[in-house]
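Presented below is the structure to which this report refers.
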């Protein structure tokens, strides 16, 4: 238990430090209303599938707007959603795409970054406004949940 808490604390510190540096990039482009719509869609999708997940929605700087953990979701999901968010923030890639490039040696590893599917950028009218990261089930299922949220407010890919 203590080991998990220390790991989570370390992840949060790295994530917050990197987010603080990026925060100078400008005001948040992800509104609470947009994040709420995306969260509702993501959680509804997961509930319909019977999946227990944690979803983190952040702005373009990687700063959290909303975080929700469904009952029964593993506490380790927090480390994965923060790691996926960190990857999207630093690379602009989905976390699964980052993982594939990392495996092929095409990109450097990001400390505390997660190479698993489930973290996606969110674009509105071609502009990156934030990201959605999900954890709790298999990577491809996490990705489905994140995409369900992204699609109600924009797109997970740049047009």
Per-peptide average of other Cβ atoms within 10 Å, ordering 69-76, 94-101 highest first: 94-101, 69-76
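How long are the three semi-axes of the equivalent ellipsoid for segment 25-128, computed from the Cα gyration tensor as the root of 5 times each eigenvalue, in whole Å, largest first? List each step's numbers first, then the result.
Details: eigenvalues 96, 69, 28 Å².
After scaling each eigenvalue by five and taking roots: 22, 19, 12 Å.
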Please label the shape of segment 82-159 as rounded, prolate or oblate, based on the square roots a ≥ b ≥ c of the eigenvalues of the alpha-carbon gyration tensor (a/c under 1.5 means rounded; beyond that, a/b larger than b/c means prolate, else oblate). oblate
Per-residue Cβ neighbour rank within 10 angstrom, fewest leading, 42, 146: 42, 146
Exposure-ranked with fewest Cβ neighbours within 10 Å first, 111, 106 stand as 106, 111
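Only the coordinates and a few stated rules stand behind these numbers; no lab work does. Given the structure is predicted, the values throughout are model-derived calculations rather than measurements. Note that each Cβ is placed from the backbone with ideal geometry, even for glycine, and that neighbours are counted across all protein chains shown.
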